[in-house]
Amino acid sequence: MTDTVMVVEDDHSVRALVRMLLEDEGLGVVEASTGSQAVERFGAEPIDLVLLDLRLPGLSGFDVCRQLRRTSEVPIIIVTAQQDSHDVVAGLEMGADDYVTKPFNDRELMARVRVQLRRKHAPISVGTVITVGDVEVRVDEGRALKGGEPVALTKSEFHLLQHLAQNPNRVWSRDQLLEHVWGYAYNGDGRLVDTHIARLRAKIEDNPSLPTLIHTVRGLGYRLSTSGT
Amino acid sequence: MTFAPRGLRARSATAFALLALVLSVSLSVTTYQLTRWYLLDKRQDLAVRQAAVNALVTKGFVAASDPADIDVLESLRSVSNARAVLRIGDTWYASVVELSNSTIPPDLIRSVETDGAARQRIQVNGTSYIVVGTQLPGLDAAYFEFVPVDEYQRTLDTLATVLIAAASVTTLVGAIAGWLASRRLMRPLGAVASAAQAMSAGDLTRRLDVGHDPDLQPVADSFNDMAESLEQRIERELRFTADVSHELRTPLTAMASAVSLARRSELTPRARFAVDVLDEQVDHLRRLTLELLEISRIDAGVSELRLDDVDIEKVTCQAMVSCNVDLARFRSLLDGVPTFRIDRTRYERVLANLLENADRYGGGATCVEVARVDGNLVLTVDDAGPGVAPEERLAIFGRFHRGADAQPPDRPKGTGLGLALVDEHARMHGGSAWVTDSPHGGARFVVTFARQP
């Protein structure tokens with residue numbers, strides 16, 4: 001089955017070129033030139049990945065991200081003009097899974113796209129359920145429950161939680177998490193990990209500012225604790 | 001006469017001291033004069049009354065006795081116990097030797113003759129007297145009595161000493177008060193200075209708060225207005241930079257994607273050459289845009305250090321691999337502690353720029369070394385090129401500087417910002433960058449990064 005990518009970009013030539021690059025990789029493409037068009041088309045067609053430019057006329061990329069997240073855990077890659085800017089963090093905090101910086105080249109873009117789509121086709125380890133505190137990670141179903149209630153996690157949030165839960169009480173550096181969860185061999189952005197950890201904590205910790213499950217190990221990285229302390 | 005410029009506090013203290021001096025001196029002088037006038041006036045009244053009595057008594061003597069010299073003098077001495085001069089007819093008698101008719105001012109004698117009585121202050125041998133003269137009624141005689149006023153002068157001298165001392169103390173107290181008052185007045189200036197300092201260090205949101213002081217409010221208001229407009233201007237410029245960046249990046253993205261697509265098709269040699277040129281130029285433009293933005297963000301003071309404990313050995317090797325530098329050329333003197341607190345992205349850019357610089361102008365890096373010196377990180381990159389002439393060593397870290405003969409003719413141009421950025425990144429870490437000769441020939445670039453708290 002072909003995966004479909006929605007390209008949200010106001011510049012028509014960039015849109016057309018990205019379409020060709022994605023189609024060359026055997027992916028289906030849906031185009032949207034404005035934010036409201038993106039929200040509209042997302043509801044109308046099955047979309048497996050959203051490539052979202054943040055600076056759009058009218059409804060901005062941030063707004064689109066927020067609206068899509070209300071109903072969907074679809075992978076979202078934001079496209080930003082500046083790596084150094086706060087746009088990246090703001091977009092990630094709104095639920096984006098990864099980002100690429102303009103101008104990107106075809107290899108960078110395709111690498112990011114493939115990592116996000118691969119999750120969808122990840123081999124399912126049947127019947128694996130990991131319990132940490134009152135959180136249940138159902139690896140086979142790709143979802144998590146807290147106190148018996150399902151928690152809405154994005155694909156990358158779930159992937160991060162799963163990775164930490166499968167290797168409990170072990171400290172993972174940002175670089176290691178970037179490699180395992182996002183597929184960055186090197187040169188990944190530590191802010192990806194930090195914002196995702198913050199999002200996870202907000203969803204599964206009783207008190208996100210005093211985390212008992214996901215601990216920060218200063219200078220080293222993060223650790224998921226099964227002892228609940 | 002010229003004065004060296006003095007501080008506000010010194011000037012304020014001087015002004016207070018001068019004011020205190022003027023006030024206390026004029027008060028003292030007035031007090032002194034009034035006291036003196038009052039005392040002398042009293043003394044004069046007393047002298048006049050006493051002289052009148054003495055004159056009457058003397059008149060009795062003169063009228064009763066023969067005008068024999070001895071008797072008159074005896075009587076003068078017995079009556080007044082004072083210093084007196086008596087004229088009977090044309091004869092003058094003095095009760096003490098230092099007095100005579102010549103010591104009496106002639107106009108006083110005339111005044112006594114015409115008016116019957118007169119008085120005057122005179123000095124005799126350095127002593128002040130009030131001379132009271134009066135006609136003896138019914139006789140051709142006049143009586144002059146010398147009343148010394150020096151005893152009052154001593155009182156007045158003591159008073160003057162006390163007043164001068166008081167004036168000096170007041171002046172000193174004035175100076176101290178001025179110094180202290182100016183310190184209080186200067187305190188808001190200190191707040192202004194620290195706010196201005198914070199702003200120039202990049203904290204554009206800093207404002208002055210002077211409470212509800214109506215005198216300081218105008219200063220604070222105009223300072224805050226200035227800060228506000230400065231902040232807005234910088235924000236505008238940053239927004240402009242961000243907008244320009246976005247506007248440039250979109251066409252660049254389109255061009256880069258178009259080049260990638262074109263490469264996927266079969267191309268004639270001519271078309272392939274054209275695509276190669278396009279590729280090269282798009283890449284150059286992309287890097288120029290990135291580096292210009294980076295440097296303008298640093299200039300605007302909005303670039304932040306993102307510090308992390310970074311495995312320097314690992315990151316350095318990764319950068320070397322991606323720049324095709326043999327890992328055998330890597331040397332670590334970190335003594336088994338490979339982590340250092342640093343902004344990883346900036347460190348990677350510094351390293352990439354140096355490696356690329358070595359590749360472009362120095363025939364490639366021959367040695368990459370990381371070391372810890374006094375807790376700071378020192379990165380050294382040697383190359384095998386011709387080295388950098390001493391007069392060029394500072395200039396090559398300037399923006400868009402290109403050495404006279406350094407440009408390799410058969411290679412795409414550098415952006416001209418690489419080394420300038422190396423310098424800026426080092427500075428942001430409290431370090432520095434410089435170039436010197438490598439002991440193995442070629443150039444040696446050294447960049448330091450200070451230990452971060």
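Nearest 5 percent is fine: what portion of the DSSP beta bridges confined to the protein assembly as shown is antiparallel?
Details: 67 of 88 bridges.
Antiparallel bridges make up about 75 percent of those DSSP assigns within the protein assembly as shown.
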Given H placed 1.01 Å from N in the peptide plane, which residues other than close sequence neighbours of A:Asp98 have an amide H under 5 Å from its amide H?
A:Ile76, A:Ile78
Roughly speaking, what is the stretch gain from A:Ala198 to A:Asp134, that is 0.36 nm per residue apart minus the C-alpha to C-alpha distance, in nm to one decimal?
21.2 nm
Between B:Ile234 and B:Leu23, what's the calculated FRET efficiency when r is the beta-carbon distance and R0 is 60 Å? Round to 0.05.
0.70
To the nearest 10 degrees, how steep is helix A:61-71 against the longest Cα principal axis of chain A, on a 0 to 90 scale?
60 degrees
For the residue pair B:Asp45 and B:Ala300, what label-to-label distance in nm results when each label sits 7 Å from Cα along the Cα-to-beta-carbon direction?
9.0 nm
For chain A, give the magnitude of the charge dipole about the Cα centre (Cβ charges: +1 Lys/Arg, -1 Asp/Glu; no others), in debye to the nearest 20.
620 debye
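Kindly provide the helix-only [θ] at 222 nm of the protein assembly as shown, computed as the sum of -39,500 (n - 2.57) over DSSP H runs of four or more divided by all residues, to the nearest 500 deg cm²/dmol? It would help to have the intermediate numbers written out before the result.
Values: 17 runs with 334 residues, N = 682.
So the helix-based figure for the protein assembly as shown works out to -17000 deg cm²/dmol.
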Mind checking which lysines have their Cα closer than 28 Å to the Cα of A:Lys102? Skip sequence neighbours fewer than 8 apart in that chain.
A:Lys120, A:Lys155, B:Lys314, B:Lys413
Volume in Å³ per residue [convex hull over Cα atoms, computed for the stretch A:96-229]:
109 Å³
No solvent, one uniform scatterer per C-alpha: report log10 I(q)/I(0) for the protein assembly as shown via the Debye equation at q = 0.06, 0.07, 0.10, 0.11 1/Å, two decimals.
-0.56, -0.67, -1.10, -1.20
Where does chain B land on Rg/Rh, using Cα atoms and the Kirkwood Rh?
1.55
The stretch A:157-229: equivalent-ellipsoid semi-axes (sqrt of 5 x gyration tensor eigenvalues, Cα, Å):
19, 12, 11
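Below 8 Å, C-alpha to C-alpha, sequence gap of six or more: please give me the relative contact order for the stretch B:82-130 in percent.
Details: 41 pairs, mean separation 9.8, N = 49.
Relative contact order, the stretch B:82-130: 20 percent.
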Rounded to the nearest 0.05, FRET efficiency between B:Arg272 and A:Val171 (Cβ-Cβ, R0 60 Å) equals 0.75
Taking the C-alpha atoms of chain A, convex hull volume expressed per residue in Å³
127 Å³
By its C-alpha gyration tensor, with a ≥ b ≥ c as the square roots of the eigenvalues, how is the stretch A:29-102 shaped: rounded for a/c under 1.5, else prolate for a/b larger than b/c, else oblate?
prolate
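Remind me, relative contact order of chain B in percent, using alpha carbon pairs under 8 angstrom and six or more residues apart?
So the answer I get is 11 percent.
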Using only the alpha-carbon atoms, how far is helix A:106-118 inclined from the longest principal axis of chain A? Give it as 0 to 90 degrees, nearest 10.
50 degrees
For the stretch B:12-61, place one equal point scatterer on every Cα, skip the solvent, and apply the Debye formula. What is log10 of I(q)/I(0) at q = 0.18, 0.24 Å⁻¹?
-0.68, -0.83
Write down the radius of gyration of the stretch B:124-199 and its Dmax, each obtained from C-alpha positions, in Å.
30.2, 101
Simple SL model, points at 7 angstrom along Cα→Cβ for A:Ala185 and A:Leu59; separation in nm is 3.9 nm
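How high is the relative contact order of the stretch B:344-453, in percent, with contacts defined as C-alpha pairs under 8 Å that are six or more residues apart?
Across the stretch B:344-453, relative contact order equals 31 percent.
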Taking the Cα centre of the protein assembly as shown as origin and charging only Cβ (+1 Lys, Arg; -1 Asp, Glu), how large is the dipole, in debye to the nearest 20?
680 debye
What share of Cα pairs, in percent, lie more than 17 angstrom apart in the stretch A:183-223?
33 percent
Taking chain A as the reference, fit the longest principal axis to its C-alpha atoms, fit the long axis of helix A:12-24 to the helix C-alpha atoms, and give the angle between the two in degrees, 0 to 90, nearest 10.
60 degrees
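We did not get these values from a lab; they are worked out from the coordinates using the rules stated. None of these values were measured; they are calculated from a predicted model. Note that we place each Cβ from the backbone using ideal geometry, even for glycine, and neighbour counts take in every protein chain shown.
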